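First comes the structure, then the notes that go with it.
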Amino acid sequence: YEKICRYIAKESDSVVVSVGYRLAPEHKYPAAYEDCLNATIHFMKNIQHYVVDPDNVIVCGDSAGGNLAAAVSHSLVGRSDLPKLRAQILLYPGLQGVDFNLPSYQQNRGVPLLLRERAAFYALQYLRGDALHLKEVLEGSHIPPDMRLKYRKWVNPDNIPEQFKVRGYKPHQPPEFKAEVYESVKRFCEPNLCPLLAEDAVIQQLPESFILTCEYDVLRDDGLLYKKRLEDNGVRVTWYHLEDGFHGIIS
């Protein structure tokens, strides 16, 4: 990421801090999240040393980094001891582990660089350090019925514009719930891991946001659903959709 970070710094005339967070599977959740949060807090508490305007601090990330940027943004809500974030920039972010059968996951299941099965595999590697229960997570038997009902108002194909459902999508009926699988992956329901599941009280306080989605990307609908949540809660969103884009196109 050095090349793109240098480019951003030069073109935007800004200070760019690239966090070298610990990686899964050697370091499971919440290691990467905690590293990014701690680095951001340290930067903001010592902002005078970096000659940065405290009113113009932005968190940014792509793919898994988009997940981490959103999680950090959520965690800084209500921190009176720190400057308020100016914005968050999320480039084709992965934001939930509840439903791997959304339209974009079905439509782009075999599209490089991020296949549907690979997306769930990476999520499990981050969560557990292994891919145990990959099949069950892909099918959706890892979420209890009551929690699925709660999350349905946020993670729901009905919240995705019809134009994104015309290409190879069939509504998915989750199989029977498996309690032992849930016990193994229940931290998927934590907002610091899956920011799309944050409560409205947090979403309402988030900074202005930019979201980039790509048509040929399994994570497209994560971005679309998060965009809707932000807008429904009065957060200003700038959205750009690459009609011919694919996952990882920035890097």
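What follows draws every value from the coordinates through simple rules; no lab data is involved. Remember, predicted model here, so these are calculated numbers, not experimental data. Don't worry about glycine lacking a Cβ; one is built from the backbone with ideal geometry, like all the others, and counts go over all protein chains shown.
The table below gives the values:
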read-out: Neighbourhood charge, 12 Å Cβ-Cβ cut-off, centred on PHE121 and excluding it, Lys, Arg +1 and Asp, Glu -1; value: +2
read-out: Cβ-defined net charge surrounding ILE89, 11 Å radius [Lys, Arg +1; Asp, Glu -1]; value: -1
read-out: Extension gain (nm, one decimal) between ARG236 and GLN204, 0.36 nm per residue minus Cα-Cα; value: 10.5 nm
read-out: Tilt relative to the chain, helix 2-12 - C-alpha long axis, 0 to 90 degrees, to 10; value: 60
read-out: Between 0 and 90°, nearest 10: helix 220-232 axis offset from the chain longest Cα axis; value: 70
read-out: C-alpha center-to-center spacing [the stretch 170-230, the stretch 2-33] in angstrom; value: 22
read-out: Neighbour-limited loop hits for chymotrypsin sites (Phe, Trp or Tyr not before Pro), the stretch 138-187 (at most 11 other Cβ within 10 Å; DSSP other than H, G, I, E, B); value: none
read-out: Electrostatic dipole magnitude of the stretch 2-246 [Cβ: Lys, Arg +1; Asp, Glu -1; Cα centre; debye, to 20]; value: 140
read-out: DSSP loop GluC sites (Glu not before Pro) with at most 14 other Cβ within 10 Å excluded, longest remaining stretch of the chain; value: 27-175
read-out: Using a Förster distance of 35 Å, the FRET efficiency for ALA179-SER12 (Cβ separation, nearest 0.05); value: 0.10
read-out: Cβ-based charge dipole, the chain, positive-most Cα from VAL235, GLY66, PHE210; value: GLY66
read-out: When each of LYS28/LYS135; LYS45/LYS227; LYS135/LYS170 is checked by Cα-Cα distance, pairs over 23 Å; value: LYS45/LYS227
read-out: Contact order relative to length of the stretch 2-246, as percent, for alpha carbon pairs under 8 angstrom and 6 or more apart; value: 23
read-out: Phi to ³J(HN,Hα) by Karplus 6.51 cos²θ - 1.76 cosθ + 1.60 over the stretch 233-246, Hz, x for Gly, Pro; value: 9, x, 8, 6, 10, 9, 10, 10, 10, 8, 4, 10, x, 9
read-out: Value at 222 nm in deg cm²/dmol, rounded to 500, when DSSP H runs of n ≥ 4 in the chain each add -39,500 (n - 2.57); value: -10500 deg cm²/dmol
read-out: Greater than 31 Å apart at Cα, pairs in LYS10/LYS165; LYS10/LYS153; LYS10/LYS84; LYS153/LYS178; value: LYS10/LYS165; LYS10/LYS153
